[in-house]
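Working notes for the structure below.
The values are calculated or read from the model by the stated rules, or taken from the named source; none is laboratory data. Bear in mind the structure is a predicted one, so any value in this text is a computation, not a measurement. Ideal geometry is used to build each Cβ from the backbone, glycine not excepted, and the neighbour counts take in all protein chains shown. Only protein heavy atoms, including side chains, enter the accessible area calculation; ligands, DNA and RNA are left aside. Shrake-Rupley method; radii C 1.70, N 1.55, O 1.52, S 1.80 Å.
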Amino acid sequence: MENFTPFSALAGGALIGISSAMLLFFNGRIAGISGIMNGVFYAPKNDKVWRLLFLAGLVIGGLFLGAFAPGFNTPRQGYPIVLLGIGGFLVGFGTRMANGCVSGHGVCGIARLSIRSIAATLTFIASGMLTVYVIRHLLELTA
């Protein structure tokens, strides 16, 4: 909580909400990144273009931010590569097990008052809190 910036957080949340609502309104699709990514590989050909454009927009947006606001988001360094690999595997496994990711369940599912999405999001949050506790306090990795 050293660098809490409520205005940029509010603007980011509003942009995510607006873009999720637009995707649902214009395409009838939920803005869940794991589902969008999965569809790139398994959806019919006529359903792939918007998915690729959506994912390209995520990458381009990150590159744009990095170019025009260097130092805005500095990733943490020094975590063991094995721990990062295990973390990535567990995130992918949990996403598959929950039939979606935080963006799909947390942003879109809760907005639709989906009980399954509320339960999944609470599980994601609890898992994240437990992970932070284990990494910082039990393993004492505070890089």
Among the residues listed as GLY35, GLY61, GLY104, the single one being under 22 Å from SER127 (Cβ atoms) and modelled with pLDDT of 85 or more: GLY35
Under the condition of being assigned to a helix (DSSP H, G or I) and without any contact (Cβ under 8 Å) to a residue 40 or more places away in the chain, which residue from the range 67-86 is nearest to GLY12 (Cα to Cα)? PHE68
Just need a number here: residues in the range 95-125 that are more than 21 Å from PHE54 (Cα to Cα), open to solvent by 60 Å² or more (accessible area, probe 1.4 Å), part of a loop (DSSP other than H, G, I, E, B) and not hydrophobic (A, V, I, L, M, F, W, C). 1
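Determine whether THR131 is out of contact with any strand residue (DSSP E or B) (no Cβ under 7 Å at 6 or more places or on another chain) and open to solvent by 50 Å² or more (accessible area, probe 1.4 Å). Walk me through it before giving the result.
Details: out of contact with any strand residue (DSSP E or B) (no Cβ under 7 Å at 6 or more places or on another chain): yes; open to solvent by 50 Å² or more (accessible area, probe 1.4 Å): yes.
When the stated conditions are applied, THR131 passes them.
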